[in-house]
Amino acid sequence: MITTAINLNEIAVEYKEKTANIKKRIVICAGTGCIANGSMNIYHEFKKELTDANLDVVLEVNSHECNGKDKVHISGSGCQGFCAMGPLIEIFPNDILYNKVKPEDVKQIVEQTIKNNEIIDELLYQDPITGKKHKGQNDIPFYKQQKRIILSDCGIIDPEDLAEYISKKGYQAAEKAYLEMEDVEVCKTMLDSGLRGRGGGGFPTGKKWMLTQIEKDPKKYVICNGDEGDPGAFMDRSLMEGNPHRIIEGMMIAARAIGANEGYVYVRLEYPLAVKRVRKAIEAAENAGILGDDVFGSGKTFKIQVMEGAGAFVCGEETALMASIEGKRGMPNPKPPFPAQKGLWGHPTVINNVETLAAVPLIIRKGPEWFKQLGTENSRGTKTFALTGHVVNTGLIEVPFGTTLREIVYNIGGGVTDDAGEITNEGFKAVQIGGPSGGCLTEEDLDLPLDYDNLIQKGAMVGSGGLVVMNKQSCMVQIARYFMEFTQSESCGKCVPCREGTKQMSSLLDEIINGEADMTTFELLEEVALVVKKASLCGLGKTAPSPVLSTISKFKEEYLQHILHKKCPTNNCKALADISIDAEKCTGCTACAKKCPVGAIVGNKKELHVIDGDLCTKCGVCATTCRFDAVLGF
């Protein structure tokens, strides 16, 4: 059982002594994305090829396999971040990162890199603009432009190895909080650091803890909110998969701060790998005596359970989440009372999201002043983002608050792509930030320092950190409709403004996209959006209209083109599409004319055919029939 500081140090020393026997380490990305791309097949192929090459393979550092010298350690990791290039393989101490690795590449890696220290150029990352090959993370622009603090160990350590986490100074901050600090001191440290909630609201973490700490109720709870429901967001999932012990340690410190003896990790059912690794980490911490009845010999108790949510977006809201844990339907309740006063089963409760808790051990260990050096005056530290959409380098990134959108999209993201995936210098149109609760930023916002306050002023929000890049071929009315359909389907239905308002907004957007709208439709859409924003019960409803209001504000002319001229500027709306036949590609084969159900296509054989716009129903039969891709507009 671990009860003193010397025990943690002994485990760290023992781990380092054993890893001193390791000559090479192969780290295979085993996050959800790379696993879906076949990384576990690569892992098993490495085991086979290393054995066939008569190399001494280590699968678990703490086993007898680590005895002796010149070992090759193979392990999985969490998400390494560079998702566009997966599956990823890192080799230490060479600091080589191979990308888009396939099982058939493994034999060559073993023969050339593991045995002979040779670099395989064709497996290195190649910059699509400069053509330059890059050896490893320290050399690749995608990583060099970031400041990976929360993600520092994610993608490197084995998430299922407690000893490796301890060797990286893991649980030292929790030990310090329990043995050397008073509860008020822990709260004040968080307040002094300027850490704000990374789940979207941005409420000061230290203040939330203090409000719970002053409550006299002897029973209190800590909840880790891992119910990450934004489309395109995977920051919390990646942290839980890649460094679960950091989350547990953050919860322990929160429990010490408020006087809690029980905690819950609330994870959505769609994250099975995160659930598995968090549960395994909790079990390992319990077996080691880190969690339990006598935390670090302090006489204090703290135990954690994992609760799997059913995947309802509304359960990301605090009161709905607690209702779900209690076995009730996940529906929000009015505030006050706030969870700090009356939370889970009526007891004071602190709820922090995964990324917030992951920052806590670093702040306790390194001090609030260290943390305050990063970010802006009112938004301290760093923020992780899931960078997706029309961008070259999709993946998981981390940057200090105050980083501009231009730096993220063009330096880290590598630039904007067209619909065919090719880089286009003039292609940027907008970024949707903050998911369904957020808003869009445009070209005029490219040099805006991203932080909580700046984004709110622009009608957007940090949210959990989803960041979807859109090119000029994107229809903003369709983007608004996409997010509105999502929030409508995820509304719990408890309050009328959200339940009915999101449905009406979705229908009004459909009218615009289908060419059935007039200016009354547009005015009503904006009016309903403002009512839903003001009158809804919880945060989901209050922010549900944000994509609509944001796109109306930034792209009003595009809406008017749909409504007044019955034309989609991007030609994405089928009902408004300008259907024509390419004169250069048309061979006059008559296949399209024969298949057209309304006789809208005319033309003689071996001559250019023409589509009659008045007759055309835009069914798309001509486009699917044409063997020469001559039909434009679909």
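Residue 283 passes every criterion in (1) at pLDDT 95 or above; (2) assigned to a loop (DSSP other than H, G, I, E, B); (3) surrounded by fewer than 22 Cβ atoms within 10 Å (Cβ to Cβ) apart from (2). Within the stretch 571-593, residues that are surrounded by 18 or more Cβ atoms within 10 Å (Cβ to Cβ) sit with their Cβ atoms under 8 Å from residues that are charged (D, E, K, R), at 6+ positions apart or across chains, in these pairs: 576/566; 576/567; 577/618; 579/618. Answer yes or no as to whether residue 363 is in a helix (DSSP H, G or I), modelled with pLDDT of 95 or more, among the hydrophobic types (A, V, I, L, M, F, W, C) and closer than 30 Å to residue 475 by Cβ. Spelling it out, it is not the case that residue 363 is in a helix (DSSP H, G or I), modelled with pLDDT of 95 or more, among the hydrophobic types (A, V, I, L, M, F, W, C) and closer than 30 Å to residue 475 by Cβ.
Scan the stretch 294-302 and give yes if some residue there is more than 24 Å from residue 213 (Cβ to Cβ) and either in contact with a helix residue (DSSP H, G or I) (Cβ under 9 Å, 6 or more places away or on another chain) or not assigned by TED's automatic domain parsing to the domain that holds residue 176 (or both), otherwise no. The answer is no; no qualifying residue exists. For residue 320, the requirement of being part of a loop (DSSP other than H, G, I, E, B) and crowded, with 23+ Cβ neighbours inside 10 Å is not met.
Residue 624 falls short on exactly one of the conditions (1) more than 21 Å from residue 476 (Cα to Cα); (2) among the hydroxyl-bearing types (Ser, Thr, Tyr); (3) in contact (Cβ under 8 Å) with a residue 60 or more places away in the chain, and that condition is (3). Listed here are the helices (runs of 4 or more DSSP H) enclosed by the stretch 1-90 that have at least 3 residues being aliphatic (A, V, I, L, M) and either closer than 26 Å to residue 171 by Cα or more than 34 Å from the chain's Cα centre (by Cα) (or both): 5-19. Kindly check whether there is at least one residue in the stretch 295-303 that is part of a strand (DSSP E or B) and at pLDDT 95 or above. Yes, that holds for at least one residue.
Every condition in (1) farther than 16 Å from residue 361 by Cα; (2) within 23 Å of the chain's Cα centre (by Cα); (3) touching a residue at least 40 places away in the same chain (Cβ under 8 Å) holds for residue 215 except the one numbered (2). Checking each residue of the stretch 219-242 against the condition of being hydrophobic (A, V, I, L, M, F, W, C), without any contact (Cβ under 8 Å) to a residue 40 or more places away in the chain and more than 12 Å from residue 355 (Cα to Cα) gives no match.
Conditions (1) touching a residue at least 24 places away in the same chain (Cβ under 8 Å); (2) over 30 Å from residue 394 (Cβ atoms); (3) not assigned by TED's automatic domain parsing to the domain that holds residue 273, marked per residue:
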| residue | (1), (2), (3) |
| --- | --- |
| 7 | no, yes, yes |
| 23 | yes, yes, yes |
| 32 | yes, no, yes |
| 42 | yes, no, yes |
| 47 | yes, no, yes |
| 84 | yes, no, yes |
| 90 | yes, no, yes |
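Just one of the listed residues (623, 529, 593) is closer than 30 Å to residue 315 by Cα and in a helix (DSSP H, G or I), namely 529. The set of residues in the stretch 360-404 being among the hydrophobic types (A, V, I, L, M, F, W, C) and out of contact with any strand residue (DSSP E or B) (no Cβ under 9 Å at 6 or more places or on another chain) consists of 362, 363, 364, 370.
Summed over the stretch 452-480, the residues that are buried (at least 24 other Cβ atoms within 10 Å of the Cβ) and part of a helix (DSSP H, G or I) give a count of 3. Among residues of the stretch 518-536 that are of a type in the set (Lys, Arg), those with a Cβ under 6 angstrom from a residue that is crowded, with 20+ Cβ neighbours inside 10 Å, sequence gap 6+ or separate chain, pair up as 533/545. Looking across 134, 73, one residue alone is in contact (Cβ under 8 Å) with a residue 40 or more places away in the chain, surrounded by 16 or more Cβ atoms within 10 Å (Cβ to Cβ) and over 25 Å from residue 237 (Cβ atoms). It is 73. What number of residues within the stretch 182-196 are buried (at least 21 other Cβ atoms within 10 Å of the Cβ) and either free of Cβ contacts under 8 Å to residues at least 40 places away in the same chain or not hydrophobic (A, V, I, L, M, F, W, C) (or both)? The total comes to 4.
The condition of being in contact (Cβ under 8 Å) with a residue 60 or more places away in the chain, closer than 22 Å to residue 444 by Cβ and part of a strand (DSSP E or B) holds for only one of 387, 396, that being 387. Restricting attention to the stretch 542-562, the residues that are in contact with a Ser or Thr (Cβ under 7 Å, 6 or more places away or on another chain), in a helix (DSSP H, G or I) and touching a residue at least 12 places away in the same chain (Cβ under 8 Å) total 3. When the stretch 605-633 is filtered for residues that are more than 13 Å from residue 583 (Cβ to Cβ) and surrounded by 14 or more Cβ atoms within 10 Å (Cβ to Cβ), the ones remaining, listed by number, are 616, 618, 619, 620, 621, 622, 623, 625, 626, 633.
Within the option set 86, 81, being touching a Leu at 6+ places or on another chain (Cβ under 7 Å), over 24 Å from residue 16 (Cβ atoms) and crowded, with 20+ Cβ neighbours inside 10 Å holds for one residue only, 81. When restricted to residues that are assigned to a strand (DSSP E or B) and β-branched (Val, Ile, Thr), the stretch 399-441 contains 7. Would a scan of the stretch 603-614 turn up a residue that is among the charged types (D, E, K, R), part of a helix (DSSP H, G or I) and more than 30 Å from residue 498 (Cβ to Cβ)? Checked against the condition, which is being among the charged types (D, E, K, R), part of a helix (DSSP H, G or I) and more than 30 Å from residue 498 (Cβ to Cβ), the stretch 603-614 yields no hits at all.
The values are calculated or read from the model by the stated rules, or taken from the named source; none is laboratory data. For clarity, every value in this text was computed on a predicted model and none was experimentally measured. Reconstructed Cβ throughout: ideal geometry from the backbone, glycine too, with neighbour counts over all protein chains shown.
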